[in-house]
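The structure appears right after this line, and notes come after that.
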């Protein structure tokens with residue numbers, strides 16, 4: 001794709017460049033979005049790497065700071081690091097951080113494959129020779145509530161296989177190698193199809209228990225994911241350097257929410273991010289806890305983290321009354337249908353106001369923020385999230401460059417699905433496009 005940028009001497013220059021970029025073809029249909037590390041772990045509704053790549057190449061220079069305050073699976077961070085930028089990201093989701101850290105760590109394919117086979121061989125041997133020890137460790141590993149969750153979703157055989165694999169991973173001394181195999185382990189559980197639990201389609205965050213399901217062997221799935229990841233990593237994008245970190249200091253991951261980044265004022269050159277859907281349309285923790293419990297997280301602790309997510313469906317908490325007219329009009333229409341959802345949406349708009357204010361604070365003058373967002377249909381009302389966030393952006397001091405439209409490739413983009421007679425659920429029907437909001441700090 002043609003590049004528009006050359007430099008950023010003033011605000012007008014960046015505004016014009018961003019306006020032109022938003023008019024480009026942002027669909028990226030027919031492109032490979034799982035090359036290199038991008039396809040290492042399922043993650044719903046992530047944008048294709050070509051999207052941040054396009055804006056990074058056109059709106060920043062080498063060694064600039066690219067920031068994603070809600071980095072999810074780390075797509076923006078990987079592209080920024082690969083393109084020679086300094087990458088900074090924030091996320092409170094433990095699995096998101098695990099995935100991103102693994103994707104940002106360079107690995108040796110040959111050595112990693114050998115290590116993986118050793119882990120599997122040792123796990124099989126432990127299961128055969130020390131089954132009783134594994135059973136005892138299972139009893140020690142979880143508290144009562146978490147153990148009940150594990151017993152409900154995992155059969156005894158898969159539990160023992162997973163534990164045997166995990167003990168091998170925990171014995172690794174090299175941090176980067178351990179991060180990679182933790183991510184492989186997680187992807188044997190959170191899988192688009194099959195998987196080792198009794199849940200169907202965990203990757204779409206809407207698990208349904210299938211009592212008569214015959215789960216795959218964790219050993220088989222682990223090797224399958226290991227090979228898949230190393231093959232995609234070895235290929236890499238044509239004509240570009242191998243992804244992954246060459247200098248660890250070029251990436252910083254922060255365990256904080258997007259409205260409290262802790263970054264210095266005017267320290268960021270470009271922001272590219274994708275906020276969550278309003279009212280928790282995609283409930284990440286519902287699926288993420290299936291693998292996180294194996295890494296020592298308790299069900300109650302994970303519920304506490306979920307309650308801190310931006311966009312969760314709670315209507316309680318702080319009240320936000322100083323919203324733009326665009327938001328208030330939407331809230332009034334929704335309140336006529338469903339007052340509870342309107343209260344939750346008000347909370348979402350209010351929290352996004354604090355996030356966008358923080359984004360403006362850390363962004364340098366004359367530089368751009370790109371916000372990729374999907375709308376939601378709540379109780380029959382299209383809440384037009386993109387218009388609401390654009391208005392909020394202007395309200396907190398950004399200049400709006402425009403709103404681009406991306407048509408989603410439904411054959412590739414992972415969206416929540418419902419199984420049964422209905423071929424397309426309501427949530428699938430309305431998630432057919434998303435919007436790219438372009439903002440500039442004057």
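Among the residues of this structure, residue 145 counts as one that is surrounded by fewer than 17 Cβ atoms within 10 Å (Cβ to Cβ), part of a helix (DSSP H, G or I) and in contact (Cβ under 8 Å) with a residue 40 or more places away in the chain.
Could you list, in sequence order, all residues of the range 261-285 that are more than 25 Å from residue 58 (Cβ to Cβ) and modelled with pLDDT under 95? Matches in the range 261-285: 276, 277, 278, 279, 280, 281, 282, 283, 284, 285.
What about residue 71, is it in contact (Cβ under 8 Å) with a residue 12 or more places away in the chain, within 21 Å of residue 265 (Cα to Cα) and in a loop (DSSP other than H, G, I, E, B)? Spell out the reasoning first.
On the way: in contact (Cβ under 8 Å) with a residue 12 or more places away in the chain: yes; within 21 Å of residue 265 (Cα to Cα): yes; in a loop (DSSP other than H, G, I, E, B): yes.
In short, yes.
Filtering the range 372-392 to residues that are buried (at least 23 other Cβ atoms within 10 Å of the Cβ), out of contact with any strand residue (DSSP E or B) (no Cβ under 7 Å at 6 or more places or on another chain) and at pLDDT 95 or above leaves 388, 392.
Taken over the range 165-190, residues that are more than 24 Å from the chain's Cα centre (by Cα) and surrounded by 24 or more Cβ atoms within 10 Å (Cβ to Cβ) amount to 1.
Mind telling me which of the residues 196, 107 ends up being assigned to a loop (DSSP other than H, G, I, E, B), free of Cβ contacts under 8 Å to residues at least 60 places away in the same chain and within 19 Å of residue 227 (Cα to Cα)?
On the way: 107 fails: free of Cβ contacts under 8 Å to residues at least 60 places away in the same chain.
Matching residue, one of 196, 107: 196.
Screening residue 397 with (1) at pLDDT below 90; (2) assigned to a loop (DSSP other than H, G, I, E, B) gives one miss only, at (1). Which numbered condition in (1) modelled with pLDDT under 90; (2) over 30 Å from residue 59 (Cβ atoms); (3) buried (at least 19 other Cβ atoms within 10 Å of the Cβ) is the only one that residue 310 fails? Residue 310 satisfies every listed condition except (2).
Among all residues of the range 164-175, there is none that is touching a helix residue (DSSP H, G or I) at 6+ places or on another chain (Cβ under 7 Å) and modelled with pLDDT under 95.
Residues that are in a helix (DSSP H, G or I), without any contact (Cβ under 8 Å) to a residue 24 or more places away in the chain and more than 14 Å from residue 223 (Cα to Cα) within the range 112-140 comprise 125, 128, 129, 132, 133, 136, 139, 140, listed in sequence order. Using the structure shown, decide if residue 99 is out of contact with any strand residue (DSSP E or B) (no Cβ under 9 Å at 6 or more places or on another chain) and either at positive phi or part of a loop (DSSP other than H, G, I, E, B) (or both). In short, no. Give the range 262-291 a look and list any residue that's farther than 12 Å from residue 360 by Cα and in a loop (DSSP other than H, G, I, E, B), or say none. Matches in the range 262-291: 262, 274, 275, 276, 277, 281, 282, 283. Taken together, the residues in the range 400-411 that are in a strand (DSSP E or B), surrounded by fewer than 21 Cβ atoms within 10 Å (Cβ to Cβ) and either more than 25 Å from the chain's Cα centre (by Cα) or free of Cβ contacts under 8 Å to residues at least 40 places away in the same chain (or both) amount to 1. I'm trying to understand the selection: among the residues of the range 1-44, which are at pLDDT 80 or above and over 26 Å from the mean Cα position of the chain (by Cα)? Result: 13, 14, 15, 16, 17, 19, 20. All of (1) touching a strand residue (DSSP E or B) at 6+ places or on another chain (Cβ under 9 Å); (2) modelled with pLDDT of 95 or more hold for residue 94 with one exception: (1). Scanning the range 356-371 for residues that are surrounded by 23 or more Cβ atoms within 10 Å (Cβ to Cβ) and under 28 Å from residue 331 (Cα atoms) yields 356, 359, 369, 370, 371.
Note on the range 75-84: residues that are at pLDDT 95 or above and part of a loop (DSSP other than H, G, I, E, B) amount to 0.
Is it fair to say residue 162 is surrounded by fewer than 17 Cβ atoms within 10 Å (Cβ to Cβ) and on the phi < 0 side of the Ramachandran plot?
Details: surrounded by fewer than 17 Cβ atoms within 10 Å (Cβ to Cβ): no; on the phi < 0 side of the Ramachandran plot: yes.
Here the answer is no, as residue 162 does not meet what is asked.
Answer yes if at least one residue in the range 196-206 is surrounded by fewer than 19 Cβ atoms within 10 Å (Cβ to Cβ), at pLDDT below 95 and in contact with a strand residue (DSSP E or B) (Cβ under 8 Å, 6 or more places away or on another chain), and no otherwise. Looking through the range 196-206, at least one residue is surrounded by fewer than 19 Cβ atoms within 10 Å (Cβ to Cβ), at pLDDT below 95 and in contact with a strand residue (DSSP E or B) (Cβ under 8 Å, 6 or more places away or on another chain).
A single entry from 55, 67, 47 fulfils the requirement of being over 18 Å from residue 255 (Cβ atoms), modelled with pLDDT of 95 or more and either touching a helix residue (DSSP H, G or I) at 6+ places or on another chain (Cβ under 9 Å) or buried (at least 21 other Cβ atoms within 10 Å of the Cβ) (or both): 55.
The values are calculated or read from the model by the stated rules, or taken from the named source; none is laboratory data. A quick note: this is a predicted structure, and the numbers were derived from the prediction, not measured. Glycine also receives a Cβ, built like all others from the backbone with ideal geometry; neighbour counts cover every protein chain displayed.
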